[in-house]
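The values are calculated or read from the model by the stated rules, or taken from the named source; none is laboratory data. Owing to the predicted nature of the structure, the values given are computational and were not obtained by experimental measurement. Cβ coordinates were reconstructed from backbone atoms using ideal geometry, including for glycine residues, and neighbour counts include every protein chain displayed.
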């Protein structure tokens, strides 16, 4: 009887060790499954981040483009009105060559700025999922900055043309 009791006791004590070995195997399998799903999720997250970056880049660029386009239109209107003044003063027989030269420079700078905007449009239109968005954003940013610089130059030439016209009116 003592023999049987010893066998039963050893089985009862060994049972948790057998069960824990099985749970360890299950835990290892669960960890591997979790690791695999995390890797799959990382890939999906990277794709989502790339898509979201592309959408954000397009939205930011569209807002900038709208602002810049309005500015270019205002400068074009200013150039047109200054040209009308130049024509009126030249009909009166006054020398408007200085104002004309400034307006010609302003028109050239404005065309250059519009060219930069068209280049940025081409980059934005050419974006795809495989494109490096950070590099594309940096390039668009530099083109927009160059466009701003050209627009500011155009604006300063318009100012100089207006100053020249004012001097003609005072004479």
- Note on the structure: Given the conditions (1) touching a residue at least 40 places away in the same chain (Cβ under 8 Å); (2) over 30 Å from residue 81 (Cβ atoms), every one holds for residue 135 apart from (1)
- Task: Would you mind stating whether residue 54 is outside any helix (DSSP H, G or I) and in contact (Cβ under 8 Å) with a residue 60 or more places away in the chain?
- Result: no
- Message: If a residue must be in contact (Cβ under 8 Å) with a residue 12 or more places away in the chain and surrounded by fewer than 14 Cβ atoms within 10 Å (Cβ to Cβ), how many such residues does the stretch 140-151 contain?
- Response: 0
- Looking at the stretch 79-113, which of its residues are within 33 Å of the chain's Cα centre (by Cα) and surrounded by fewer than 18 Cβ atoms within 10 Å (Cβ to Cβ)? 80, 104, 105, 107, 108, 111, 112
- For residues that are part of a helix (DSSP H, G or I) and touching a helix residue (DSSP H, G or I) at 6+ places or on another chain (Cβ under 8 Å), scanning just the stretch 118-133, find the one that is modelled with the lowest pLDDT. 133
- Residue check, residue 67 assigned to a helix (DSSP H, G or I), on the phi < 0 side of the Ramachandran plot and surrounded by 14 or more Cβ atoms within 10 Å (Cβ to Cβ): no
- Message: Being loosely packed, with under 12 Cβ neighbours inside 10 Å, more than 30 Å from residue 122 (Cα to Cα) and at pLDDT below 75 is true for just one of 22, 39. Which residue is that?
- Response: 22
- Task: Look through 79, 45 and report the one residue that is assigned to a helix (DSSP H, G or I) and either farther than 30 Å from residue 131 by Cβ or touching a strand residue (DSSP E or B) at 6+ places or on another chain (Cβ under 8 Å) (or both).
- Result: 79
- Task: Could you tell me whether residue 146 is within 30 Å of residue 58 (Cα to Cα) and either touching a helix residue (DSSP H, G or I) at 6+ places or on another chain (Cβ under 9 Å) or modelled with pLDDT under 95 (or both)?
- Result: yes
